[in-house]
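Student: Here's a structure for you.
The values are calculated or read from the model by the stated rules, or taken from the named source; none is laboratory data. Quantities reported herein were computed from a predicted structural model and do not represent experimental measurements. In this analysis, Cβ positions are derived from the backbone assuming ideal geometry, glycine residues included, and neighbour counts consider all displayed protein chains.
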């Protein structure tokens, strides 16, 4: 996902006979130093000079290659701080010291560019201070082992949010967040301050193609390391390339204030069950465990846009009886005016158990090979396969298979109805079967933990934490509704992954929610 390249801007052609050039033309005070630099040096040199002076903490301004009063002051400040005459004229000695000191700062931080394919942004990263912590819901996160420094790329796209709207949100102070400095232009803005005791800097830009495609980054850090990271903050902000490449996959809609922990503070204080973790349960007010909440926070079906429902409520299901019953999650079909099982048309009946997040939908016709339900729970550590149709608007329409194991036989907060799995799942996997290598259904995929929310709440990045409904909850639900399902042979032999998939794939189906 990442492509690193050296970030150091080399000052090429730096023999730089500036003093002789000035002397041979006219006195420096007559023509002015700024004019001399701009007319007698290369623009690449001038930009490199500005960048290097920014790394040493002497320059704050655009890296435009135009030498003006601010650049001249930075040159003189550097000279004065290093025992040279603050003349503003670059000598060989000054140039050597500038290159050495700016290189030293960059080398100590491990500065390099990273290309983030998820957001399409190119970002300077201090790789000696942070490690790649992987994708988030809105970009990618790099975090130091001690948690004192975090760098995150962010993309907010197709949510209706504009640059000015996001700026207004991010400059609104809260009980925990203050804004110390902000700058807004028609194309970008920058905001800095303190949030919950940590300092932060954010920058967002808008692209030419759409006013609703916003890309940016945030840096959050312990104020105790501000002196160390301050040059990085400035240079990274000025060299940020938000539209360096095309994103490889679009992001789901995100809350307008998602980049800040204020959202998590509200969730921590909510009455929702375990709202800290942004993990939706089988609750009519939260119909989709994978859906990110809309900007107004209202997940009720009456307020949701039809297009959002059609996309968000797509899920998976699997045949459980020969007479047309398909099992899926309650949250996949709960809010649907009509349900479609791909290849079998509209459902003619449905039964929903919101408490256990299970639902049955019936189609006309028959299934020759319904999946068999395991009688017993899987064993801790057992290999499993999660099958379904994730992100059908982005990925292929064909069946998707991921492999993992049973990480825990209990769900979040020791909930016995669920078990934890390591198989990666995405929006659209909801309702798909969890099978072992004998092809037995040992669970129903139901939810994933929001890594960003947990990181904000706990300070740690969770890895591969997803959940499935226990097989005994499945059989109890089927028994209660008189479904003529088949139990699996407890002594069935394990197979290879391709053979196990081949035996079940034809009975796993996309389930679509229609707003009609």
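Student: Can you tell me which residue in region 411-428 is nearest to residue 505 (Cα to Cα), limited to those that are at pLDDT 85 or above and touching a strand residue (DSSP E or B) at 6+ places or on another chain (Cβ under 7 Å)? Walk me through how you get there before you give the answer.
Tutor: We begin by selecting, within region 411-428, every residue at pLDDT 85 or above; these are 416-423.
Applying the additional criterion that residues be touching a strand residue (DSSP E or B) at 6+ places or on another chain (Cβ under 7 Å) yields 417-423.
Details: 417: 26, 418: 24, 419: 23, 420: 23, 421: 20, 422: 21, 423: 17 Å.
My answer is 423.
Student: Please work out if residue 108 is at pLDDT 90 or above, assigned to a helix (DSSP H, G or I) and surrounded by 16 or more Cβ atoms within 10 Å (Cβ to Cβ). Break it down into steps so the answer makes sense when it comes.
Tutor: On the way: at pLDDT 90 or above: yes; assigned to a helix (DSSP H, G or I): yes; surrounded by 16 or more Cβ atoms within 10 Å (Cβ to Cβ): no.
No; evaluated as a whole, the condition is false for this residue.
Student: Right, another one. Against the conditions (1) within 24 Å of residue 470 (Cβ to Cβ); (2) in contact with a strand residue (DSSP E or B) (Cβ under 7 Å, 6 or more places away or on another chain); (3) modelled with pLDDT under 85, where does residue 314 fall short? Just the number, please.
Tutor: Here residue 314 clears every test but (1).
Student: Just the residues that are outside any loop (DSSP other than H, G, I, E, B) and either over 37 Å from the mean Cα position of the chain (by Cα) or more than 18 Å from residue 473 (Cβ to Cβ) (or both), please, taken from region 351-377. Write out each step before concluding.
Tutor: So in region 351-377, the residues outside any loop (DSSP other than H, G, I, E, B) come out as 351-353, 358-362, 373.
Once the filter is applied, which keeps residues that are outside any loop (DSSP other than H, G, I, E, B) and either over 37 Å from the mean Cα position of the chain (by Cα) or more than 18 Å from residue 473 (Cβ to Cβ) (or both), region 351-377 yields only 362.
Student: Quick one: what pairs do we get from region 120-135, first residue on the phi > 0 side of the Ramachandran plot, second modelled with pLDDT of 90 or more and surrounded by fewer than 20 Cβ atoms within 10 Å (Cβ to Cβ), C-beta under 7 Å, 6+ apart or different chains?
Tutor: Matching pairs, first to second residue: 120/243.
Student: Looking at 478, 509, 434 in this structure, which one is assigned to a helix (DSSP H, G or I), crowded, with 18+ Cβ neighbours inside 10 Å and modelled with pLDDT of 90 or more?
Tutor: Values: 509 fails: assigned to a helix (DSSP H, G or I); 434 fails: assigned to a helix (DSSP H, G or I).
One residue alone meets the criteria, 478.
Student: Collect the residues in region 52-71 that are buried (at least 17 other Cβ atoms within 10 Å of the Cβ) and outside any loop (DSSP other than H, G, I, E, B), keeping them in residue-number order. Before the answer, list the steps.
Tutor: To start, the set of residues in region 52-71 that are buried (at least 17 other Cβ atoms within 10 Å of the Cβ) comprises 52-59, 61, 63, 65, 67, 71.
Scanning region 52-71 gives 52, 53, 54, 55, 71.
Student: Also: Can you find a residue in region 96-114 that is in contact (Cβ under 8 Å) with a residue 12 or more places away in the chain and within 17 Å of the chain's Cα centre (by Cα)?
Tutor: Checked region 96-114: at least one residue is in contact (Cβ under 8 Å) with a residue 12 or more places away in the chain and within 17 Å of the chain's Cα centre (by Cα).
Student: Okay, moving on. Which residue is nearest to residue 505 (Cα to Cα), if the candidates are limited to region 339-357 and must be surrounded by 16 or more Cβ atoms within 10 Å (Cβ to Cβ) and without any contact (Cβ under 8 Å) to a residue 24 or more places away in the chain?
Tutor: Among them, the one singled out is 347.
Student: Suppose we filter 74, 28 for residues that are surrounded by 17 or more Cβ atoms within 10 Å (Cβ to Cβ) and modelled with pLDDT of 90 or more; which single one remains?
Tutor: Selected residue: 74, the only one of 74, 28 that is surrounded by 17 or more Cβ atoms within 10 Å (Cβ to Cβ) and modelled with pLDDT of 90 or more.
Student: Another question, if that's okay. Looking for something within 30 Å of residue 51 (Cα to Cα), modelled with pLDDT under 90, assigned to a loop (DSSP other than H, G, I, E, B) and touching a helix residue (DSSP H, G or I) at 6+ places or on another chain (Cβ under 8 Å) - is there at least one such residue anywhere in region 254-261?
Tutor: In the first step, residues of region 254-261 are kept if they are within 30 Å of residue 51 (Cα to Cα); the result is 259-260.
Add one more test, that the residue is modelled with pLDDT under 90, and what stays is 259-260.
Within this subset, residues satisfying the condition of being assigned to a loop (DSSP other than H, G, I, E, B) are 259-260.
With the extra rule that they be touching a helix residue (DSSP H, G or I) at 6+ places or on another chain (Cβ under 8 Å), the set shrinks to 259-260.
Yes, region 254-261 contains a residue that is within 30 Å of residue 51 (Cα to Cα), modelled with pLDDT under 90, assigned to a loop (DSSP other than H, G, I, E, B) and touching a helix residue (DSSP H, G or I) at 6+ places or on another chain (Cβ under 8 Å).
Student: Yes or no: region 396-406 includes at least one residue that is in a strand (DSSP E or B), in contact (Cβ under 8 Å) with a residue 12 or more places away in the chain, touching a strand residue (DSSP E or B) at 6+ places or on another chain (Cβ under 8 Å) and buried (at least 23 other Cβ atoms within 10 Å of the Cβ). I'd like the intermediate steps shown before the answer.
Tutor: Start the filter on region 396-406 by keeping residues that are in a strand (DSSP E or B), which leaves 400-406.
Imposing the further condition that a residue be in contact (Cβ under 8 Å) with a residue 12 or more places away in the chain reduces the set to 400-406.
Of the ones still in play, those that are also touching a strand residue (DSSP E or B) at 6+ places or on another chain (Cβ under 8 Å) are 400-406.
With buried (at least 23 other Cβ atoms within 10 Å of the Cβ) added as a condition, the list becomes 406.
Scanning region 396-406 turns up at least one residue that is in a strand (DSSP E or B), in contact (Cβ under 8 Å) with a residue 12 or more places away in the chain, touching a strand residue (DSSP E or B) at 6+ places or on another chain (Cβ under 8 Å) and buried (at least 23 other Cβ atoms within 10 Å of the Cβ).
Student: Another question, then. Filter region 121-144 for residues that are at pLDDT below 90 and assigned to a loop (DSSP other than H, G, I, E, B); which is surrounded by the most Cβ atoms within 10 Å (Cβ to Cβ)?
Tutor: Only one residue fits best here, namely 138.
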